[in-house]
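Q: First, the structure itself, so that you have it in front of you.
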Amino acid sequence: MRIDADIIILAGGFGQRLRHVVSETQKVMAPVCGRPFLQYVLDAAIAQGARRFVLAVGYKWEQIRDCFGDAYNGAEIVYSLEQTPLGTGGAIRQAMEQCQTEDVIVLNGDTFFDADLTELLRRHRERGAEITLTLKPMTDFDRYGTVTTDENGKITGFHEKKPVKAGLINGGVYALRRETMQKMPEGPFSFEKAVLEPLTLTSFGMVCDGYFIDIGIPADYFRAQTEIPLRFGQTVFRAAFLDRDGVINKEKRHLWKIEDFEFIDGAPRAIERLREQGYLIIVVTNQAGVAKGFYTEEDIAALHGYIKEQLKDTAYIDAIYYCPYHPRGQVEAYRKDSRDRKPGPGMIERAVADFAAKGMTIDLKRSMIVGDTERDIETGINAGIGRKILVRSGHAIDESATKADEIVDSLADVTG
Ligand SMILES: [Mg+2]
């Protein structure tokens with residue numbers, strides 16, 4: 001089935017909020033599991049029958065053209081380049097010049113919203129609307145404004161951001177008539193402020209409860225790395241199993257105090273880079289200090305909470321496993337042998353089982369383990385992990401005796 005409307009994708013923004021995460025990349029080209037985010041947006045629309053796209057581009061637009069050219073996956077792609085910033089409204093108005101259909105669908109290139117585009121067009125035409133917005137129901141949120149409608153779906157108001165229990169947000173997917181935008185004055189303007197919010201046009205809403213994610217928000221961008229591939233049917237993932245001390249943070253004997261914690265240079269960025277390439281990030285760390293009575297599991301939980309908080313805007317760790325046991329520990333409850341204690345493969349096996357429960361298969365042969373001791377390398381061998389990488393950033397290592405496949409200075413040098 002073919003959608004008989006051209007699709008404009010707003011792909012000009014430089015992603016202020018995401019900038020420190022993917023500074024060199026055009027926002028819609030931000031990597032998600034090894035592919036540009038825009039590719040998923042295009043794929044989803046093409047799967048629904050879209051055949052012609054007008055990409056409204058500006059900042060670093062060459063990255064987009066070099067990737068997709070003038071055709072992608074059976075669809076035609078043309079570019080509407082803004083020479084000076086036009087705002088969302090000006091960008092849509094300019095892109096309309098290149099559209100060939102009377103009704104046009106507009107998508108925000110930095111959000112993914114699984115809305116039924118054929119149904120959107122059908123309702124838009126049936127009601128004779130000038131604009132039809134997709135509306136996404138959300139609960140317990142404060143980062144979006146809300147939209148209200150009457151019982152016929154006619155838009156009655158846009159409301160500022162504030163904490164909301166339940167409401168509808170603008171899904172960023174619109175159907176509109178080409179002539180509606182052509183009536184707007186040239187130059188920069190905001191589509192939201194100048195076109196939607198004054199309610200001078202006949203505007204309707206269509207509620208869709210499809211999957212929605214906004215990669216302009218770091219936490220959503222990190223979530224997208226696994227959620228989007230899963231939605232596109234990917235079930236097999238690679239994992240980077242990372243030792244903690246000496247790999248992510250500086251090795252300090254029996255580290256447990258937050259004030260003693262220090263990231264190794266480049267480690268947070270390296271973690272995010274691996275994740276963007278499609279690796280799950282799983283920390284596996286021996287913490288025999290619990291069995292030895294130096295600190296408690298509560299201390300570990302506090303430290304791991306601190307690490308995740310520190311990484312909040314820069315990187316994401318999928319899971320952390322630790323082993324508190326030691327066969328000669330002073331604390332009786334923790335004095336035992338454990339398959340979890342590296343070089344035992346227990347923590348890796350638990351991770352495989354836990355992710356399988358979420359519908360994700362970890363392909364150990366294509367996964368990696370990174371550690372600063374030979375014990376980490378042996379763990380990789382015992383668990384059947386394909387790539388075993390020793391780093392020089394922690395304990396002293398014997399490079400002549402290691403069974404590692406690779407030796408690098410630090411996590412920052414590990415390539416995906
Ligand atoms: Mg270590």
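Throughout, read-outs are computed from the coordinates displayed, never taken from laboratory work. Note that the coordinates shown come from a computational prediction; the quantities given were computed from them, not determined experimentally. Reconstructed Cβ throughout: ideal geometry from the backbone, glycine too, with neighbour counts over all protein chains shown.
Q: Rounded to whole Hz and in sequence order, give me ³J(HN,Hα) for the stretch 314-329 from the Karplus expression 6.51 cos²θ - 1.76 cosθ + 1.60, θ = phi - 60°, writing x for Gly and Pro.
A: Result, ordered by residue: 10, 7, 9, 10, 6, 7, 10, 10, 9, 10, x, 8, 7, x, 10, x Hz.
Q: With a Förster radius of 25 Å, plug the Cβ-Cβ distance of ASP4 and ASP43 into 1/(1 + (r/R0)^6) and report the FRET value to the nearest 0.05.
A: About 0.80, to the nearest 0.05.
Q: Counting only DSSP beta bridges with both residues in the chain, what percent are antiparallel, rounded to the nearest 5?
A: Percent antiparallel among DSSP bridges in the chain is about 40.
Q: Between GLN277 and GLU186, what is 0.36 nm times their sequence separation minus the Cα-Cα distance? Round to one decimal in nm.
A: Residue separation times 0.36 nm, minus the Cα-Cα distance, leaves 28.7 nm.
Q: Using modelled backbone amide H atoms (1.01 Å from N, in-plane), which distant-in-sequence or interchain residues come within less than 5 Å of VAL284's amide H?
A: Long-range HN contacts for VAL284: LEU242, ASP243, ARG244, TYR321.
Q: Further, regarding this structure: Using a Förster distance of 35 Å, how high is the FRET efficiency between GLU97 and GLU62, based on the Cβ-Cβ distance and rounded to 0.05? Before the final figure, lay out the partial values.
A: On the way: r = 21 Å, r/R0 = 0.60.
E between GLU97 and GLU62, to the nearest 0.05, is 0.95.
Q: Size of the dipole of the stretch 6-214 about the Cα centre, Lys and Arg at +1 and Asp and Glu at -1 on the beta carbon, nothing else charged, in debye to 20?
A: Details: 23 positive and 28 negative charges, 55 e Å.
Result for the stretch 6-214 is approximately 260 debye, rounded to the nearest 20.
Q: For ASN73 and THR361 in one chain, what is 0.36 nm times their gap in residues minus the Cα-Cα distance, to one decimal in nm?
A: 100.9 nm
Q: Cut-off under 30 Å on the C-alpha distance; same-chain residues fewer than 8 positions from LYS358 excluded. Which lysines are left, in chain and number order?
A: LYS27, LYS136, LYS165, LYS308, LYS312, LYS342, LYS388
Q: Sticking with this structure for a sec: Only four residue types carry charge here, +1 at the Cβ of Lys and Arg and -1 at the Cβ of Asp and Glu. Report the dipole size of the chain about the Cα centre in Debye, rounded to the nearest 20.
A: Rounded to the nearest 20 debye, it is 460 debye.
Q: Determine ³J(HN,Hα), in whole Hz, for all residues of the stretch 120-134 in sequence, where each value follows from phi through the Karplus function 6.51 cos²θ - 1.76 cosθ + 1.60 and θ = phi - 60°; x replaces Gly and Pro.
A: Result, rounded to whole Hz: 4, 5, 4, 5, 4, 6, 4, 8, x, 6, 7, 9, 10, 9, 8.
Q: Note the angle between two axes, namely the Cα long axis of helix 218-231 and the longest principal axis of the Cα atoms of the chain, as a number of degrees from 0 to 90, rounded to the nearest 10.
A: Result, in degrees: 90.
Q: How many angstrom separate the Cα center of the stretch 302-367 from the Cα center of the stretch 40-111?
A: With the stretch 302-367 and the stretch 40-111 each reduced to a Cα centre, they are spaced 43 Å.
Q: Give me the percent relative contact order of the chain, please, defined on Cα pairs under 8 angstrom at least 6 residues apart.
A: With pairs under 8 Å counted, the relative contact order is 14 percent.
Q: Can you find, among GLN234, GLY346, ILE105, the residue sitting farthest towards the positive end of the charge dipole of the chain, where Lys and Arg contribute +1 and Asp and Glu -1 at Cβ?
A: About the Cα centre, the residue reaching furthest to the positive side is GLY346.
Q: A further question follows. On full extension of the chain, what length is gained from THR148 through GLU259, given 0.36 nm per residue of separation minus the C-alpha to C-alpha distance?
A: 35.1 nm
Q: May I ask for the net charge around GLU179, where only other residues with Cβ less than 11 Å from the Cβ of GLU179 are counted and Lys, Arg are +1 while Asp, Glu are -1?
A: Summing Lys/Arg as +1 and Asp/Glu as -1 gives 0.
Q: Now a separate question. Just need log10 I(q)/I(0) for the stretch 6-214 at q = 0.16 Å⁻¹, Debye formula, equal scatterers on the alpha-carbon atoms, no solvent, rounded to two decimals.
A: -1.10
Q: Order the peptides 290-297, 220-227 from the highest to the lowest mean number of other Cβ atoms within 10 Å of their residues.
A: The peptides rank, most packed first, as 220-227, 290-297.
Q: Let me ask something else about it. Only Cα pairs under 8 Å and at least 6 apart count here; give the relative contact order of the stretch 107-201 as a rounded whole percent.
A: Computed over the stretch 107-201, the figure is 32 percent.
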